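Inspection log for the structure reproduced underneath, given as structure tokens.
No value in this document is a laboratory result; all are computed from the given coordinates. From a predicted model like this one, the values you see are computed outputs, not experimental measurements. Don't worry about glycine lacking a Cβ; one is built from the backbone with ideal geometry, like all the others, and counts go over all protein chains shown.
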Amino acid sequence: MDKNINAIQDFREITASELLPTVRNLKEGGYRFVQMCGITQDDGAIVMYSFDKDYEMTNYKLHVKDGESVESITGSYWNAFVYENEVHDLFGIEFLHSALDFHGNFFKTAEPTPWKKK
């Protein structure tokens, strides 16, 4: 491993319409899906997707307005169902066409979507 493991990560903005074609290209290019997380904003949320190839991370930042849905990436990366269900339950973002959708029952929380801005 000759690469600088402390290199700055690559963060890219992505639109909802670009998400699935980009993810398919990453899968075909040999990228590994690393993680996905949500971040609350005043007008909705940000969903961050992280991928790795040869110890280099590439991250995609998707802005999701309140009430908008996001296409699931489980068609390319089946294991994303865990993250998508987590983000759904905590932030209230619906993922369309998921390979495994817990319909809001992935987590048991005291209140629905506790991390979504009220």
Averaging the inverse of every distinct alpha carbon separation and then flipping it gives the Kirkwood radius. What is it for the range 56-118, in angstrom units? 12.4 Å
Which angle between 0 and 90 degrees, to the nearest 10, do you get for helix 16-28 versus the longest principal axis of the chain when only C-alpha atoms count? 40 degrees
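For a protection proxy built on the mean count of beta-carbon atoms within 10 angstrom, sort 39-51, 80-92, 10-22 highest first, please. Intermediate values should be presented prior to the final figure.
Numbers: 39-51: 16.7, 80-92: 20.9, 10-22: 13.0.
Ranked from most to least packed, the peptides come out as 80-92, 39-51, 10-22.
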3J(HN,Hα) from dihedral phi, the range 87-93, Karplus parametrisation 6.51/-1.76/1.60, rounded to Hz, x for glycine, proline: 5, 4, 5, 8, 10, x, 8
At the level of C-alpha centres, the distance separating the range 88-118 and the range 69-85, in angstrom, is 13 Å
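State, to one decimal in nm², a quarter of the convex hull surface area for the C-alpha atoms of the chain, i.e. the direction-averaged projected area. Please report the intermediate quantities before stating the final value.
Working: hull surface 32.0 nm².
Seen from a random direction, the Cα hull of the chain projects 8.0 nm² on average.
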